[in-house]
Amino acid sequence: MDTVQQIIDQTKKWINDVVVGCNFCPFAANVMKEQRVYYQVETGVTLTTCLEAVTVETNRLDNDATIDTSFLIFPNTFQQFDDYLDLVSLAERSLKQNGHEGIYQLASFHPLYQFAGSAGNDAADYTNRSVYPMLHFLREASIDKALEHYKNPENIPERNINFAREKGITYMKILRDACLAGG
């Protein structure tokens with residue numbers, strides 16, 4: 001089993017090599033360079049423990065303005081994508097119930113991520129296929145600020161899909177899987 005630091009290092013490598021390297025998020029490089037990203041590994045396996053970790057993460061963001069974005073990583077649970085989607089739904093409900101709607105936004109990443117309508121063998125799914133199940137917390141104010149200086153942000157998803165499909169599923173899988181090497 002990987003240590004917490006190995007899991008964080010693998011996640012950082014995935015962000016650098018895949019998310020930044022493929023320019024899936026044109027805003028990620030700057031945040032990474034400025035080290036305004038927080039990583040939390042949740043080793044608990046119960047849904048209750050994992051949802052409590054969501055609350056802890058929003059509290060961390062509430063209390064530390066130097067953190068621009070946070071990754072809550074679940075290496076020991078939510079291996080099935082449908083179970084993970086249940087977590088995402090409950091985490092979003094938690095944000096709303098705790099008054100964080102409009103303050104934080106969740107992005108979802110999973111090793112088996114599959115967009116609605118995808119057969120599961122589409123290279124485009126790799127735009128959200130990570131090394132571990134994880135929730136990505138983003139400050140909406142930071143998103144708004146970044147979008148002020150970016151032309152046509154609505155084209156980002158389509159551009160990402162086209163990039164991944166042009167590279168092909170084998171390339172995207174090898175690129176992602178290489179982030180686990182040496183972990």
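At a glance:
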quantity: Selection status of ILE67, touching a residue at least 12 places away in the same chain (Cβ under 8 Å), out of contact with any Lys or Arg (no Cβ under 8 Å at 6 or more places or on another chain), closer than 21 Å to ILE15 by Cβ and among the β-branched types (Val, Ile, Thr); calculated: no
quantity: VAL4 vs. criteria farther than 24 Å from MET172 by Cβ and crowded, with 19+ Cβ neighbours inside 10 Å; calculated: no
quantity: Filter pass, PHE163 being in contact with a helix residue (DSSP H, G or I) (Cβ under 9 Å, 6 or more places away or on another chain), among the hydrophobic types (A, V, I, L, M, F, W, C) and surrounded by 14 or more Cβ atoms within 10 Å (Cβ to Cβ); calculated: yes
quantity: Selected residue (criterion: surrounded by the fewest Cβ atoms within 10 Å (Cβ to Cβ)) from residues of the stretch 166-179 that are more than 18 Å from the chain's Cα centre (by Cα), of a type outside the set (D, E, K, R) and part of a helix (DSSP H, G or I); calculated: THR170
quantity: First in the stretch 71-99 and at positive phi, second anywhere and part of a helix (DSSP H, G or I) and surrounded by 14 or more Cβ atoms within 10 Å (Cβ to Cβ), Cβ under 7 Å, 6 or more apart; calculated: PHE78/TYR84; PHE78/LEU87
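Values in this text are rule-based calculations from the coordinates and carry no lab data. Everything quoted here is computed from the prediction, not taken from an experiment. Cβ atoms come from the backbone with ideal geometry, glycine included; neighbour counts cover every protein chain shown.
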